[in-house]
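In what follows, a structure is listed as structure tokens, so that the remarks can point back to it.
The values are calculated or read from the model by the stated rules, or taken from the named source; none is laboratory data. Here the structure is a predicted model, which is why all the values come from computation and not from measurement. Ideal geometry is used to build each Cβ from the backbone, glycine not excepted, and the neighbour counts take in all protein chains shown. When the accessible area is computed, the model is the full protein with side chains, heavy atoms only, and any ligands, DNA or RNA have been set aside. Shrake-Rupley method; radii C 1.70, N 1.55, O 1.52, S 1.80 Å.
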Amino acid sequence: MPQYSEQDIITGVRNRDRAMQEYLYRNNYSMFLKVCARYAKDMEDAEQLINDGFLKIFTNIDKYGGTGSFEGWMRRVMVNTCLDYLRSKYLKDAKMMSMHSVPADEAPVAMIGDAVENINFKELVTLIQSLPAMTRTVFNMYVFDGYNHGQIGEQLEISEKTSQWHLHKARTLLQKKIIKNDSQTVTYETK
């Protein structure tokens, strides 16, 4: 497959060139599938989210002003696509839950080194996908996408304390699941 410059790709997508759209899609699919998989409840939803995200990229390419990284702009579109989906489908119910505020900074959760080293990306995504929707979303926004609790609260229409609670809950649940998965790993001694 031929290599194109970033500007050639942007120009082609702006001109609705199907070959350039396909090239952009194929070359970024796996990277953005990982982003979407972290937010989705399963891989089927992740695949739907990535397709919705690319559709938004193709139809809104004129909004990319050329400042900053094109990849960063596309990533932001993907994350916002995931957030829009979650707001409409899952988070409305999750926001109705009442919870006690536990600031994440006051109750740090340390991951056990050996357990974390034994986990691969696919297993990690599966564990993240098993988190409740709101908790998963806050965790992803804070850990992977660099939002602070104020920004998360604004995006998800929750308080900063609730965002901190969800982050703490995610870390606690993931720690328990990682340790549980690690203890279930069977190692065989060879003589």
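Tally Lys/Arg at +1 and Asp/Glu at -1 over every other residue whose Cβ is under 11 Å from the Cβ of Gln155; what's the total?
Every neighbour counted, the sum reads -3.
What percentage of the solvent-accessible surface of the range 27-67, computed with a 1.4 Å probe over protein heavy atoms, is contributed by carbon and sulfur atoms?
So the carbon and sulfur contribution to the accessible surface is 48 percent.
Through the Karplus equation 6.51 cos²θ - 1.76 cosθ + 1.60, θ set to phi - 60°, convert the phi angles of the range 131-148 into ³J(HN,Hα) values in whole Hz; use x for Gly and Pro.
5, x, 3, 5, 4, 4, 5, 4, 4, 4, 5, 6, 7, 9, 9, x, 6, 9
Pairs Lys122/Lys161; Lys41/Lys176; Lys63/Lys122; Lys56/Lys177; Lys63/Lys161; Lys41/Lys177: which are spaced more than 27 Å apart, C-alpha to C-alpha?
Lys122/Lys161; Lys63/Lys122; Lys56/Lys177; Lys63/Lys161
Between Leu55 and Ser130, what FRET efficiency comes out of the Förster formula 1/(1 + (r/R0)^6) with R0 = 30 Å and r the beta carbon distance, rounded to 0.05?
0.60
Test of understanding: what is the full-extension gain from Gln175 to Gln151, defined as 0.36 nm times their sequence separation minus their Cα-Cα distance?
Contour length minus Cα-Cα distance gives 6.1 nm.
Where Lys and Arg each count +1 and Asp and Glu each count -1, what net charge lies around Phe121 among other residues with Cβ under 11 Å from its Cβ?
+2
In sequence order, what are the phi-derived ³J(HN,Hα) couplings for the range 61-69 according to the Karplus relation 6.51 cos²θ - 1.76 cosθ + 1.60 with θ = phi - 60°, rounded to whole Hz, with x for glycine and proline?
With the stated coefficients, the range 61-69 comes to 4, 5, 7, 6, x, x, 9, x, 6 Hz.
Work out, step by step, the length gained on full extension between Arg16 and Ser159: first 0.36 nm times the residue separation, then minus their alpha carbon distance; give nm to one decimal.
Stretched out fully, the Arg16 to Ser159 stretch lengthens by 47.3 nm.
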